[in-house]
Amino acid sequence: MLDLLKKPVETFQEFVLLAGRAIRNIFRSPHYGDDIFQQMDIIGVGSLPIVIMIGFFSGSVMALQMARALATYGAQGQIGQIVAITLVRELGPVLTAILVAGRNASGIASELGSMKVSEQIDAMRALGTDPIQKLVTPRLIAIAVVLPLLTIIADFIGLIGGNIIASTLLSITASQYWTSAWQALEYNDLVQGLVKPFAFAIIISLVGCLYGIRTTGGTQGVGKATTQAVVSASVWIFVTTFMITKMFVRI
Amino acid sequence: MEEAPAVVHFDDVSIRYGDTVALDHVSFKLHPGESRIIFGAAGSGKTILMKAAAGLVKPDSGRIFVFGQDITHLKEGQLYEIRARIGFLFQEGGLFDSINIADNVAYPLLNQPTLRHKFLENGHDKSLHDRVKEALTFVELGHTLEKYPSQVSGGMRRRVGIARALITEPALMLYDSPTAGLDPITSNNIIAVILKERETRNTATLMVTHRYQDGHLMAKFRYNPDSENIEQVPPVAETGKHQRTRFYVMNQGRIVFKGSEEELQAAEDPYVRKFRRRS
């Protein structure tokens, strides 16, 4: 039983250590600004088209699904409210994070994993560079900046998707829709909707880097690291969203 | 020989990974201008020994001295100063895929904290370009500056790795399997470059290899700057110089043989005999 627990506990310990070193490096020189911007471009700009797609369709689907339920109570006019709350609080942050985890936690793990098995990370240390400073910290900063932005975009596009469904299929006017959506959102929802992507950003970047950096066993090991990174990042995103929601929601 | 401080000194060093022993009570000394050729089966601890000498892995017991300084318990930040004086050629070259060859070779000058300061004080971009060009010309690759590591052959990558290691003019060179997986002609070219580096600057050299021929060239040949080629060194009787290349054989983390080329040829141990010349 103890042996079974040993590995996850060790991994978690490594994660905490890596997080500590990566965050401490944010305040230390040298800073690799070019790497930060390059990663922002790869992760932020690169994910934009697919984030827009996902945002649009998740908003539309929410509007369609909820329309029937609301019709039971004759409250179809409140569709904007439902779409806004689900998107901003939950769907926007989680779907965007899952998407970025699939795209970039895997990308980071395989890139760093390949560097590890081809001794580039050792070479970096031998040539006077701290791999955490050069590889991990820039990715952490880049994702922490772009993921909240991507989430805001996904939320907004999702609301537009909901609007299109509401006006075309449910004959609700745009002003009715947006007023209901706007009035539904409270300060609490917005904070929650931005704290989540920030926490997910830390998970995605550090899980990707951790599995990449501890890769062993050649190219096969790189494949394994990539899979593990996506699986762990996704699971932790759901666990974290539950914990954050629990903190914000008082029943 | 006087008691000049050894460049590398392993004092009873052991390293373990879980249950496997990577290095088992290894002790040796290496002085300036000397070479050590390390043979051994796969997994016998050769690469770990090289990495330990550069402070990339820490010993579990014993002590390691580099340039007379005890590096056993140094922190990563303190090791950079030592590593600035060590050139390391990794097994596959260890080049960074994402930057071109010129930037790879310039990397240590711009990133080693101590070298960076020195470099920025006396030089600017032009001298950086010149030094990169010079290092690449040394390994006969002066024309490849703009290419990326993935665009050149394995032998060229290895030579770029050597250029990157020697651009800092290190006093200690560590070559991890410089000829593995290369054809005999390319291999001999690489050893010629290594000999040239050793003769020109009296560098201390540790070399891991699988090829007997590499060791033989290191022990019996030297670089002649006039003919720009390597030539056989006359026997000790004529030069009065002592053999400065020694052969080590490793097995399961231990050094099981230390001696000259002739002693290796005469060895009785069946494991050690695997690494002598096949005639």
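The values are calculated or read from the model by the stated rules, or taken from the named source; none is laboratory data. Keep in mind the model is a prediction, meaning the values are calculated, not measured. Every residue, glycine among them, receives a Cβ derived from its backbone with ideal geometry; neighbour counts consider all protein chains shown. Ligands, DNA and RNA are excluded from the accessible area calculation, which covers all protein heavy atoms including side chains. Shrake-Rupley method; radii C 1.70, N 1.55, O 1.52, S 1.80 Å.
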> What about A:V83, is it among the β-branched types (V, I, T) and modelled with pLDDT of 95 or more?
Replying inline: no
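Open to solvent by 40 Å² or more (accessible area, probe 1.4 Å) and touching a Pro at 6+ places or on another chain (Cβ under 9 Å) - does that describe any residue in the stretch A:155-166? Walk me through how you get there before you give the answer.
Step one: filter the stretch A:155-166 for residues open to solvent by 40 Å² or more (accessible area, probe 1.4 Å), giving A:156, A:160, A:164.
Going one step further and asking which of them are touching a Pro at 6+ places or on another chain (Cβ under 9 Å), we end up with none.
No.
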> In the stretch B:227-279, what residues are open to solvent by 80 Å² or more (accessible area, probe 1.4 Å) and either of a type in the set (V, I, T) or at pLDDT 80 or above (or both)?
Replying inline: B:Q232, B:R244, B:R246, B:Q252, B:R254, B:K258, B:E262, B:E263, B:E268, B:P270, B:R273, B:K274
>> Looking at the stretch A:56-100 only, could you name the residues that are among the hydroxyl-bearing types (S, T, Y) and either outside any helix (DSSP H, G or I) or touching a residue at least 60 places away in the same chain (Cβ under 8 Å) (or both)?
In response: A:S58, A:S60, A:Y73, A:T96
>> For the stretch B:36-86: of the residues being under 20 Å from B:Y248 (Cβ atoms), part of a loop (DSSP other than H, G, I, E, B) and more than 14 Å from chain A (Cβ to nearest Cβ), which is nearest to the chain's Cα centre (by Cα)?
In response: B:G45
> From A:L87, A:L91, which residue is surrounded by 19 or more Cβ atoms within 10 Å (Cβ to Cβ), under 19 Å from A:A233 (Cβ atoms) and within 20 Å of the chain's Cα centre (by Cα)?
Replying inline: A:L91
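Could you tell me whether the stretch B:225-244 includes any residue that is under 16 Å from the mean Cα position of the chain (by Cα) and not in a loop (DSSP other than H, G, I, E, B)? If you could, list the steps in order and put the result at the bottom.
Taking the stretch B:225-244 and keeping what is under 16 Å from the mean Cα position of the chain (by Cα), we get B:244.
If we keep only those that are not in a loop (DSSP other than H, G, I, E, B) as well, we get none.
No.
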>> What are the pairs with Cβ atoms under 8 angstrom where one residue, in the stretch B:160-182, is without any contact (Cβ under 8 Å) to a residue 40 or more places away in the chain and the other, located anywhere, is open to solvent by less than 10 Å² (accessible area, probe 1.4 Å) and part of a loop (DSSP other than H, G, I, E, B)? Sequence gap at least six, or different chains.
In response: B:T179/B:T209
>> Quick check on the stretch B:223-236. Is at least one of its residues free of Cβ contacts under 8 Å to residues at least 24 places away in the same chain and among the hydroxyl-bearing types (S, T, Y)?
In response: yes
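Across the stretch B:73-82, what is the total count of residues that are in contact with a Pro (Cβ under 9 Å, 6 or more places away or on another chain) and crowded, with 17+ Cβ neighbours inside 10 Å?
Taking the stretch B:73-82 first, the residues in contact with a Pro (Cβ under 9 Å, 6 or more places away or on another chain) are B:77, B:80-81.
Checking which are crowded, with 17+ Cβ neighbours inside 10 Å leaves us with B:80.
The qualifying residues number 1.
Return the total of residues in the stretch B:136-176 being more than 21 Å from the chain's Cα centre (by Cα) and of a type in the set (V, I, T). I'd like the intermediate steps shown before the answer.
At the first step, the residues of the stretch B:136-176 found to be more than 21 Å from the chain's Cα centre (by Cα) are B:142-148, B:150-152.
From what is left, the residues that are of a type in the set (V, I, T) are B:144, B:152.
Residues meeting the conditions: 2.
Does the stretch A:200-216 hold any residues that are more than 16 Å from the chain's Cα centre (by Cα) and open to solvent by 10 Å² or more (accessible area, probe 1.4 Å), and which are they? Working first, answer last.
Here is the first cut: in the stretch A:200-216, the residues more than 16 Å from the chain's Cα centre (by Cα) are A:210-216.
Those that are more than 16 Å from the chain's Cα centre (by Cα) and open to solvent by 10 Å² or more (accessible area, probe 1.4 Å): A:L210, A:Y211, A:I213, A:R214, A:T216.
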>> Looking only at the stretch B:87-100, count every residue that is open to solvent by less than 50 Å² (accessible area, probe 1.4 Å) and over 20 Å from the mean Cα position of the chain (by Cα) and tell me the total.
In response: 2
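Can you list the helices (runs of 4 or more DSSP H) found entirely within the stretch A:137-251 that contain at least 2 residues being without any contact (Cβ under 8 Å) to a residue 40 or more places away in the chain and touching a Gly at 6+ places or on another chain (Cβ under 8 Å)? So that I can check it myself, show each step before the final result.
Values: elements: A:137-169, A:174-184, A:187-213, A:218-248.
By residue number, no helices (runs of 4 or more DSSP H) qualify.
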>> If A:Y32 satisfies all but one of (1) within 30 Å of A:L112 (Cα to Cα); (2) more than 22 Å from the chain's Cα centre (by Cα); (3) open to solvent by 70 Å² or more (accessible area, probe 1.4 Å), what's the number of the condition it fails?
In response: (3)
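Can you say whether A:V146 is within 25 Å of A:N188 (Cα to Cα) and open to solvent by less than 20 Å² (accessible area, probe 1.4 Å), as far as the supplied structure shows?
On the way: within 25 Å of A:N188 (Cα to Cα): yes; open to solvent by less than 20 Å² (accessible area, probe 1.4 Å): yes.
Criteria met by A:V146.
Take the stretch A:186-198 and flag every residue that is closer than 16 Å to A:F238 by Cα and surrounded by fewer than 20 Cβ atoms within 10 Å (Cβ to Cβ).
Keep residues of the stretch A:186-198 that are closer than 16 Å to A:F238 by Cα, which gives A:192-198.
Of everything in the stretch A:186-198, those that are closer than 16 Å to A:F238 by Cα and surrounded by fewer than 20 Cβ atoms within 10 Å (Cβ to Cβ) turn out to be A:L194, A:V195, A:F198.
Quick check on my filter: what residues within the stretch B:186-216 are open to solvent by 10 Å² or more (accessible area, probe 1.4 Å) and not hydroxyl-bearing (S, T, Y)? Show your work before the answer.
Going through the stretch B:186-216, the residues open to solvent by 10 Å² or more (accessible area, probe 1.4 Å) turn out to be B:186, B:188-189, B:192, B:196, B:198-202, B:210-213, B:216.
Across the stretch B:186-216, the qualifying residues are B:N188, B:N189, B:A192, B:K196, B:R198, B:E199, B:R201, B:N202, B:H210, B:R211, B:Q213, B:H216.
Listed here are the residues, each with its yes/no results for (1) touching a strand residue (DSSP E or B) at 6+ places or on another chain (Cβ under 6 Å); (2) at pLDDT below 90; (3) open to solvent by less than 30 Å² (accessible area, probe 1.4 Å); (4) of a type in the set (A, V, I, L, M).
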| site | (1), (2), (3), (4) |
| --- | --- |
| B:G33 | no, yes, yes, no |
| B:A41 | no, yes, no, yes |
| B:A54 | yes, no, yes, yes |
| B:K58 | no, no, no, no |
| B:R63 | yes, no, no, no |
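What number of residues in the stretch A:113-136 are away from chain B (no Cβ under 12 Å) and either aliphatic (A, V, I, L, M) or part of a loop (DSSP other than H, G, I, E, B) (or both)? Give the derivation first.
Applying the first criterion (away from chain B (no Cβ under 12 Å)) to the stretch A:113-136 yields A:113, A:136.
Okay, now just the ones that are also either aliphatic (A, V, I, L, M) or part of a loop (DSSP other than H, G, I, E, B) (or both), so A:136.
Within the stretch A:113-136, residues that are away from chain B (no Cβ under 12 Å) and either aliphatic (A, V, I, L, M) or part of a loop (DSSP other than H, G, I, E, B) (or both) number 1.
Condition first: out of contact with any helix residue (DSSP H, G or I) (no Cβ under 6 Å at 6 or more places or on another chain) and either among the acidic types (D, E) or within 13 Å of chain A (Cβ to nearest Cβ) (or both). Now tell me which residues in the stretch B:163-173 satisfy that. Before the answer, list the steps.
Residues of the stretch B:163-173 out of contact with any helix residue (DSSP H, G or I) (no Cβ under 6 Å at 6 or more places or on another chain): B:165, B:169-173.
If the condition is that a residue be out of contact with any helix residue (DSSP H, G or I) (no Cβ under 6 Å at 6 or more places or on another chain) and either among the acidic types (D, E) or within 13 Å of chain A (Cβ to nearest Cβ) (or both), then B:A165, B:E169, B:P170, B:L172, B:M173 are the ones that fit.
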> If a residue has to be of a type in the set (A, V, I, L, M, F, W, C), outside any loop (DSSP other than H, G, I, E, B), at the interface with chain A (Cβ under 7 Å from one of its Cβ atoms) and under 14 Å from A:G128 (Cβ atoms) to count, how many in the stretch B:87-109 make the cut?
Replying inline: 1
